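K.L.:
Dropping a structure here in structure tokens format, bear with me for questions.
Just so you know, all these numbers are worked out from the coordinates, no wet-lab data involved. Worth saying up front: this structure is predicted, and the values here are computed from it rather than measured.
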């Protein structure tokens, strides 16, 4: 079949080569084509080769199974002897724990007692009623520019009699302040009256604050 196809192809090529020059040159004489070559006879295909059948495999004779092996009988178990019981461990009495140490109550420390501050000293007061010295102080107010006379001694000394020197001066200061008189003006006069009444008071004596 392949050879016939090749022959047809060669024939087509030959015809094409003979036609193309005539188309290119119309006036040229048409050459006479050569006679086609005789078709080649293809030899018939060879008959298919027959493969000979393989000889049957030789039959294997089965080998006889080996005789079963006799397993040796197990040895008899060793004789069992009773296990001697071990004696229980000796028990010892548990030593009693020592008694706890005695606890003593912690002595309570009393809080420190606060020492009260001593009260401030009381301001000195006149030991007699200052109203008894009103007449005396009134006379002192009128004697600022006058010499001290017997009337002042008569009004003041009996009231101041029996008082200590400083108490007498304090009573005069208290009466002068109660009448809101000028203490800085009347104090020097009052000190002179005290001297006339037999009282001894420092010359720099000052009336204490109330």
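K.L.:
Gain in length, residue 69 to residue 131, computed as 0.36 nm per residue apart minus the alpha-carbon separation, to one decimal in nm?
P.N.:
Taking 0.36 nm per residue and subtracting the Cα distance, the gain is 6.5 nm.
K.L.:
Between residue 165 and residue 104, what is 0.36 nm times their sequence separation minus the Cα-Cα distance? Round to one decimal in nm.
P.N.:
Roughly 15.3 nm would be gained on extension.
K.L.:
Right, another one. What is the gain in length, in nm to one decimal, between residue 196 and residue 153 on full extension, counting 0.36 nm per residue of separation less the C-alpha to C-alpha distance?
P.N.:
Between residue 196 and residue 153, full extension yields an extra 14.8 nm.
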